[in-house]
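Report on the structure given below.
The values are calculated or read from the model by the stated rules, or taken from the named source; none is laboratory data. This structure is a prediction, so every number in the text was calculated from the model and none was measured. Note: ideal-geometry Cβ built from the backbone for every residue, glycine included; neighbour counts use all protein chains shown. Each accessible area value is taken on the protein alone, full model and side chains, heavy atoms only, with ligands, DNA and RNA left out. Shrake-Rupley method; radii C 1.70, N 1.55, O 1.52, S 1.80 Å.
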Amino acid sequence: MFVKNVGRPTREAYGDEILELGKENPDFYIVDCDIGKSCKTVEFSKQFPRKHVNVGIACLLDTPEAADGG
């Protein structure tokens, strides 16, 4: 399941891994807070636009509401 990422920057390996998880698991979603470029979620959002949610810059206190759907 894990892509071999030895010797690569962690964020690039993360970006590749979430792409693989998105392909393998229909229930895998990404919730982003305007950090897609630095966390390498941009390619995921291009390939899976309906499985990627960008909530913008969010207050830490809002995170439970997003997870709860409220």
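Figure legend. Inter-residue proximity from the range 31-52: first residues free of Cβ contacts under 8 Å to residues at least 40 places away in the same chain, second residues assigned to a loop (DSSP other than H, G, I, E, B) and open to solvent by 60 Å² or more (accessible area, probe 1.4 Å), beta-carbon distance below 8 Å, spacing 6+ or different chains. Indicated pairs: Val31/Val55; Asp32/Val55; Cys33/Val55; Cys33/Ile57; Asp34/Ile57; Thr41/Ile35; Lys51/Tyr29; His52/Tyr29. Scanning the range 22-35 for residues that are surrounded by 14 or more Cβ atoms within 10 Å (Cβ to Cβ), of a type in the set (D, E, K, R), modelled with pLDDT under 90 and out of contact with any helix residue (DSSP H, G or I) (no Cβ under 7 Å at 6 or more places or on another chain) turns up at least one hit. Scanning the range 23-37 for residues that are out of contact with any Gly (no Cβ under 8 Å at 6 or more places or on another chain) and closer than 14 Å to Ile57 by Cα gives Val31, Asp32, Ile35, Gly36, Lys37.
Residues of the range 47-70 that are of a type outside the set (A, V, I, L, M), modelled with pLDDT of 85 or more and surrounded by 10 or more Cβ atoms within 10 Å (Cβ to Cβ): Gln47, Phe48, Lys51, His52, Asn54.
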